[in-house]
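First the structure, in the form of structure tokens, and then the observations on it.
Only the coordinates and a few stated rules stand behind these numbers; no lab work does. Everything numeric in this text was worked out from a predicted model, so none of it was measured. Backbone-built Cβ (ideal geometry, glycine too); neighbour counts: all protein chains shown.
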Amino acid sequence: MTSTPRAQDGSRAWASPAMEPTSGWTIAARHVDDPASALLLREYLVDVADRYYQLHEERDSTPEEIEQALAEMPSDDLAPPQGVFLLAHHDGELAGCAGVRLMDGRTAGLKRAAELKRVYVRPAKRGLGGGAALLAAVETAAGELGAERIALDTRLDLVEARALYARHGYREVPPFTKGPYAEVWMAKELG
């Protein structure tokens with residue numbers, strides 16, 4: 001297995017072979033407690049929570065609901081040695097994130113699997129290839145963690161995310177997690 005290159009600050013950096021060098025996307029691992037990571041994790045949660053509440057209650061999420069969700073769904077497992085959290089920059093601007101963590105091999109028989117988490121591209125940067133760049137980078141990171149496949153769960157209303165995953169080879173699989181927000185399960189073989 002080849003080693004992932006290091007950025008100037010010593011962090012690991014991934015480049016998607018599918019992306020042209022002029023795409024303007026750079027992706028590097030950061031700790032989930034890094035201020036930029038925390039900012040994007042909060043933006044991600046507000047984005048998906050607002051969509052959920054708009055669909056079900058015709059309102060946006062409240063700051064209290066976001067704080068509660070951050071506490072109930074921590075991202076601290078998206079860190080070595082069992083996970084990785086990636087930040088994406090587009091033309092030097094903070095633009096998105098994604099995480100991956102190794103799954104318990106007993107989870108629905110998904111031996112040597114990793115779980116894709118917290119995929120988010122800022123609205124102003126959507127449609128510019130950031131989702132594809134993040135998926136390629138997170139798949140590389142999952143492979144480096146020893147995963148042979150990557151799996152995810154998502155909601156039915158997140159149609160853009162589901163379309164992105166399908167375009168990149170993810171297929172629907174039987175449920176392997178439980179929870180109020182898990183409505184669709186997808187997986188992709190790596191390598």
Amide H of G96: which non-local residues (sequence gap of 5 or more, or other chain) have their own amide H closer than 5 Å, using H built in the peptide plane? A88, R122
Work out from phi, with θ = phi - 60° and the Karplus expression 6.51 cos²θ - 1.76 cosθ + 1.60, the ³J(HN,Hα) of each residue of the stretch 117-124, listed in order in whole Hz, and give x for Gly and Pro. 9, 6, 6, 8, 10, 4, x, 5
Ranked by Cβ crowding within 10 angstrom, fewest neighbours first, how are V159, V184, V138 ordered? V159, V184, V138
Using the number of other C-beta atoms within 10 angstrom as an exposure proxy, rank E144, E67, E139 with the fewest first. E67, E144, E139
For the stretch 115-166, state which trypsin sites (Lys or Arg not before Pro) are in a DSSP loop and have at most 15 other beta carbons lying within 10 Å of their beta carbon. R126
For the stretch 13-189, the Kirkwood Rh over every pair of distinct alpha carbons, in Å, works out to 16.5
